[in-house]
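Below is one structure, written out as structure tokens, with a few remarks after it.
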Amino acid sequence: MTSGNDQAERRWITRRAALLGLAAGSVVFSAPEAARAEDEWGKLVAAARNEGHVVLYSAFVGLAAHQNLKKDLEAAYGITVDILEARASEVRERIRIEQAAGRFAVDVSENGRTTTTLQIEQDHVFDPHGMLPSAGRLKAEFRADDIRVPVFAIVYGILANTRLVKPDDEPKSWLDLADPRWKGKILSDDFRALGGGGVLFYVLEDHYGRDVLEKLAKQDLKFSREIPANERRIARGEYPLYVPVSLTSVPELKGLPVKFLAPREGLPFIGYDLALLKNAPNPNAARLLMEYCIGQKMQQAYANLGLLPVTADPLSGVDPAVAELGKSKLLGTTDPARMDQLLALARQIYP
Amino acid sequence: MERSWQEKAECANPARSFASAKPTGAEKFCARPSLIELAENLYPQQVNMAISADERVKDPGRVPFAAGLRARLRVLEGTAASRTAGVALLVVILAFLSIYPLSMLLYGSLHSTPPGMAGVFNLDGYQAVLTRQNLVMLLNTVGISLAKTIPSLVIAVLLAWILARTDTPFRGALEVLVTLPFFIPPILTAMAWGMLGNPQVGLLNQLYQWATGSSNSPINVYSYGGVIWHMMQYSIPFMFLLIVDAFRAMDPSLEEAARMCGASRWRTFRTVTLLLILPALSSAAILSFIRGIENFESPLFFGSPAGIRVITTDIYDSINQRSPPQYQYATAVSFVIMALLLLIVLLQWKLLRGRNFTTVSGKGYSPTVMKLGKWRWATFAFCVLFFAVTVVLPVGQLLIGSFFKFFGFYQWDMLTLEHYRAVFGSSEFWRGFGNTMLLGLAGASLTMVLGGVVAYISVRTKWRGRMLIDVMAWLPWMMPGIVLGVGFLWGFALLPHAIPIYGTIWALLLAYISLGTPLSVQVMSSAYSQLSYDIEECSRVHGASWLQTMRHIMIALAWPSFAVGWVLVFFGIMRELSASVLLYSVGSEVLSVVLLKLWTNGNAEQVSVIGLMMIVLVVLFRWVQLKVIKARISTL
């Protein structure tokens with residue numbers, strides 16, 4: 001018996017010693033690597049300052065945080081940021097034709113995940129971005145690869161008119177939308193198009209299957225594409241419910257009789273990615289911009305607007321209501337490879 | 001037998017031909033101080049004369065014996081070589097502005113991938129177009145456009161007649177006011193009408209329910225009726241602007257002659273007045289019909305919720321809402337539409353060919369208005385009602401809404417000036433405004449000049465190539481804006497790098513000129529159609545060059561139409577988005593892109609502020625325009 005115990009203890013000691021040895025070794029070996037990485041990054045920042053300029057094409061039209069980005073990067077590094085905004089397909093086509101024509105005018109692309117994936121697979125317009133110090137702090141659901149870096153996500157919920165929907169009647173689940181009491185009373189972003197409506201359709205189909213969507217089709221949903229106007233229509237009492245509404249609306253609609261509802265299953269979301277363009281005229285400034293966007297200051301700016309930050313950094317000063325809602329479970333997002341197929345299905349179910 | 005130039009001059013204006021002239025040879029037709037100058041003028045006159053409908057100069061000009069620059073220029077003006085060179089230059093310009101971007105789109109419609117990407121040529125795009133579903137959608141689109149064009153034309157003609165040919169009180173002010181809806185961004189009027197006419201809580205329905213005690217909501221703006229009504233907000237003032245000057249420029253003696261022969265007012269209107277302005281009417285109707293087919297905002301706002309599908313929303317979806325974008329399908333659909341619209345335009349040309357619509361001749365006339373007696377108050381009331389419904393109601397919503405925190409929520413504690421502060425304190429807004437004003441002024445002026453030249457050649461000459469020029473000028477109007485914007489992007493980006501257009505403000509300017517030329521050509525064509533040839537001939541006979549005649553006679557007489565066209569093109573540039581969003585670069589942002597950013601970001605209130613600013617600009621421009629027109633007409 002004693003010999004058995006001795007053997008087990010000896011094995012444990014050996015294992016522990018090995019582990020300790022490994023840990024010590026990694027510290028010894030990684031310290032110079034960390035220093036090297038810091039040194040490389042320092043050289044990049046110096047090169048970026050020399051370049052002094054960076055151009056970003058963004059598919060998020062009117063994003064207020066772009067002003068923060070311009071001011072901060074110029075103040076911190078002396079780099080002027082030019083941002084050109086257009087819709088997703090317009091940004092994509094602009095980049096594609098410029099690359100095809102050899103006009104290298106843009107450094108960084110900021111676009112939805114679906115479009116960025118198409119650009120990677122079909123247009124081949126990006127270069128690897130290289131090491132970014134903050135990439136290690138990205139949340140598990142927003143991992144970067146060597147081409148793209150997640151920068152923020154839009155999350156979607158339900159908007160309810162508080163005068164028409166009593167708290168007890170509020171939908172608690174996405175499936176509650178199929179309740180007959182809401183027939184003819186739901187205004188919706190178009191399920192058959194890219195955007196929030198398409199994301200919601202995709203995620204519901206992915207989680208609950210076609211049946212739920214066919215039940216929803218019987219609810220006589222009113223599709224409308226003009227999102228700002230739609231939100232105000234709910235506030236005016238034209239309809240009691242609107243789906244899907246972006247969390248960014250919460251700070252914008254403060255003071256109106258509306259409420260953002262987060263169903264218990266979670267919130268569908270769509271991520272936005274940054275990517276470095278091939279032959280970027282200012283590659284160092286571009287990488288610095290990408291790093292800055294996933295840094296704490298910009299992530300804080302995104303959170304203040306109701307966008308979901310992608311890093312695990314603790315943030316302060318965010319509107320408590322928005323911060324609370326931002327902690328809701330995430331239900332899922334789209335797979336770019338299947339998106340077109342699902343849009344076709346949507347057109348079938350909602351002709 | 002060909003008449004000598006002397007005989008032609010005598011026929012043109014016998015009294016003036018002999019004024020202060022020596023009775024020797026051709027000298028009597030030119031009051032010139034020296035014989036050398038007289039001789040210089042004689043030969044160019046021989047070459048340049050006879051631009052009447054019956055006689056065109058075909059012979060090459062003779063080289064005058066004076067070798068001065070002026071003589072050489074005069075010769076160049078008149079020779080067939082110079083005309084051919086001029087037409088060729090015009091063809092090159094129009095080809096670059098219209099054929100080049102359209103050829104990019106044609107490539108896109110026949111190739112599986114856009115330019116610059118590997119792919120194959122096929123007809124998949126066209127095959128996808130020719131489905132039963134698309135045919136139904138096309139019929140739907142045409143039906144909606146017809147349903148809005150016909151009543152719009154009737155109302156526009158009535159308004160134009162009232163304000164240009166009758167003694168209705170306050171015509172000047174009413175003329176400015178009834179055209180205001182055209183200049184308001186469609187998103188804003190859609191928002192306003194959405195609030196006024198929605199079946200749940202719309203103001204108009206609430207008023208009806210209050211007045212009648214009923215619980216019904218008779219008005220539902222989210223319907224075919226709503227789509228058509230919203231489209232009419234633009235087409236009525238648009239057609240009014242194209243027609244009103246045709247009414248104004250008409251010699252009333254033609255109508256007086258009809259009345260003296262016993263025709264009633266209605267018969268005179270029907271058989272004389274309307275027929276004489278047929279070129280302006282048909283152009284306006286066709287332009288409006290085409291615009292109706294290409295209308296995007298009205299079906300998007302009011303049609304989508306009601307399940308109404310039209311071609312433009314389908315094209316928009318295929319580019320912006322599909323993954324990946326379906327450029328081949330979108331461009332193929334656009335070309336099918338363009339082919340159909342071209343047939344309509346050719347039909348119009350056939351209907352108008354060979355007919356004389358001259359209403360302004362060398363004989364003097366005084367524009368008079370018809371006295372309506374006590375009926376003038378009825379016509380005044382009609383105009384005021386139109387203004388109240390189409391301007392006061394929606395613009396009133398915008399004005400009030402701009403002073404409250406949220407559009408449509410009128411609570412005292414929400415009164416604010418923050419939207420005005422945000423707009424006027426925004427450097428991006430002022431940059432966009434400045435760029436747009438610059439592009440608008442330059443673009444409208446260049447477009448009208450180009451349109452004036454194209455229209456002159458097309459209407460007033462029988463030069464070879466004029467049909468080609470006219471068709472080329474029309475083409476951009478028939479292509480949906482969303483697709484044409486892509487054509488410009490592809491076209492300019494793929495130019496050789498040595499040509500510095502892409503990424504500069506020039507790209508926007510050229511795109512705007514291309515988009516505005518069809519309108520400017522139609523406006524000037526209608527104006528030229530009304531001018532008699534004897535006025536031009538008289539000018540030429542008395543020694544004026546072609547350029548002088550164009551400036552002092554043709555443009556001067558067509559000035560009211562030129563001014564109207566200028567305003568239309570200018571404000572079209574202010575509102576143009578499809579090409580702007582694809583061609584603007586950092587630093588050359590324009591107002592429409594600024595509006596898009598604000599709207600997409602939920603700032604409907606700031607968009608209202610900018611919309612109201614645009615209305616103030618319109619009122620100012622139109623007031624100046626009408627003052628100038630009045631001054632010009634009073635000197636005729």
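The values are calculated or read from the model by the stated rules, or taken from the named source; none is laboratory data. This structure is a prediction, so every number in the text was calculated from the model and none was measured. Positions of Cβ are backbone-derived with ideal geometry, glycine not excepted, and every protein chain shown enters the neighbour counts.
Key figures
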| item | result |
| --- | --- |
| Lone unmet requirement of (1) hydroxyl-bearing (Ser, Thr, Tyr); (2) surrounded by fewer than 22 Cβ atoms within 10 Å (Cβ to Cβ); (3) within 11 Å of chain B (Cβ to nearest Cβ); (4) under 25 Å from A:Ala312 (Cβ atoms) for A:Thr114 | (2) |
| Count of residues meeting criterion [part of a helix (DSSP H, G or I) and not small (Gly, Ala, Ser)] in the stretch B:450-505 | 28 |
| The stretch A:95-111, subset touching a residue at least 40 places away in the same chain (Cβ under 8 Å) and in a helix (DSSP H, G or I), residue farthest from the other protein chains (Cβ to nearest Cβ) | A:Ile95 |
| Residues of the stretch B:260-300 satisfying the condition of being basic (Lys, Arg) and at pLDDT 80 or above | B:Arg267, B:Arg270, B:Arg291 |
| B:Val609, sole failed condition from (1) modelled with pLDDT of 85 or more; (2) farther than 22 Å from A:Ile227 by Cβ; (3) away from chain A (no Cβ under 12 Å) | (2) |
| Cβ pairs under 7 Å, 6+ apart, first in the stretch A:62-74 and within 12 Å of chain B (Cβ to nearest Cβ), second part of a helix (DSSP H, G or I) | A:Gly62/B:Lys597; A:Gly62/B:Leu598; A:Gly62/B:Thr600; A:Ala65/A:Met298; A:Ala65/A:Ala301; A:Ala65/A:Tyr302 |
| Test result for A:Asp206, within 14 Å of chain B (Cβ to nearest Cβ) and either at pLDDT below 95 or surrounded by fewer than 18 Cβ atoms within 10 Å (Cβ to Cβ) (or both) | no |
| Verdict on B:Thr331 being in a helix (DSSP H, G or I), within 27 Å of B:Val521 (Cβ to Cβ) and within 14 Å of chain A (Cβ to nearest Cβ) | yes |
| Filter pass, B:Leu106 being within 19 Å of B:Pro480 (Cβ to Cβ), of a type in the set (A, V, I, L, M), touching a residue at least 12 places away in the same chain (Cβ under 8 Å) and surrounded by 15 or more Cβ atoms within 10 Å (Cβ to Cβ) | yes |
| Residue satisfying condition, being assigned to a helix (DSSP H, G or I) and within 14 Å of chain A (Cβ to nearest Cβ), within set B:Leu300, B:Leu287 | B:Leu300 |
| Output for the stretch B:411-425, where each listed residue is farther than 19 Å from B:Met614 by Cβ, in a helix (DSSP H, G or I) and more than 11 Å from chain A (Cβ to nearest Cβ) | B:Trp412, B:Glu418 |
| Meets criteria (in contact with a strand residue (DSSP E or B) (Cβ under 6 Å, 6 or more places away or on another chain), more than 14 Å from B:Ile243 (Cα to Cα) and either assigned by TED's automatic domain parsing to the domain that holds B:Phe240 or basic (Lys, Arg) (or both)) for B:Leu531 | yes |
| Odd one out for B:Gly408 among (1) on the phi < 0 side of the Ramachandran plot; (2) not in a helix (DSSP H, G or I) | (1) |
| Lone qualifier among A:Ala346, A:Ala301, A:Ala285 - being closer than 19 Å to A:Asp146 by Cα and touching a residue at least 24 places away in the same chain (Cβ under 8 Å) | A:Ala285 |
| Tabulated pairs, the stretch A:119-134, first within 12 Å of chain B (Cβ to nearest Cβ), second surrounded by 20 or more Cβ atoms within 10 Å (Cβ to Cβ) and in a loop (DSSP other than H, G, I, E, B), C-beta under 8 angstrom, 6+ apart or interchain | A:Gln119/A:Val125 |
| Selected residue [surrounded by 24 or more Cβ atoms within 10 Å (Cβ to Cβ) and either in contact with a Phe, Trp or Tyr (Cβ under 6 Å, 6 or more places away or on another chain) or aliphatic (A, V, I, L, M) (or both)] from A:Leu194, A:Leu187 | A:Leu194 |
| Criterion violated by B:Tyr584 - all others in (1) within 10 Å of chain A (Cβ to nearest Cβ); (2) over 25 Å from B:Asn295 (Cβ atoms); (3) crowded, with 18+ Cβ neighbours inside 10 Å satisfied | (2) |
| Number of the condition not met by A:Ala235 [criteria: (1) more than 15 Å from the chain's Cα centre (by Cα); (2) away from chain B (no Cβ under 14 Å); (3) in contact (Cβ under 8 Å) with a residue 40 or more places away in the chain; (4) assigned to a helix (DSSP H, G or I)] | (2) |
| Yes/no for A:Asn161 being surrounded by 22 or more Cβ atoms within 10 Å (Cβ to Cβ) and of a type outside the set (Val, Ile, Thr) | no |
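Results for (1) more than 14 Å from chain A (Cβ to nearest Cβ); (2) within 22 Å of the chain's Cα centre (by Cα); (3) under 30 Å from B:Trp266 (Cβ atoms), shown as yes or no for each residue.
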residue: B:Leu174; (1), (2), (3): yes, yes, yes
residue: B:Phe183; (1), (2), (3): yes, yes, no
residue: B:Ala190; (1), (2), (3): no, no, no
residue: B:Gly213; (1), (2), (3): yes, no, no
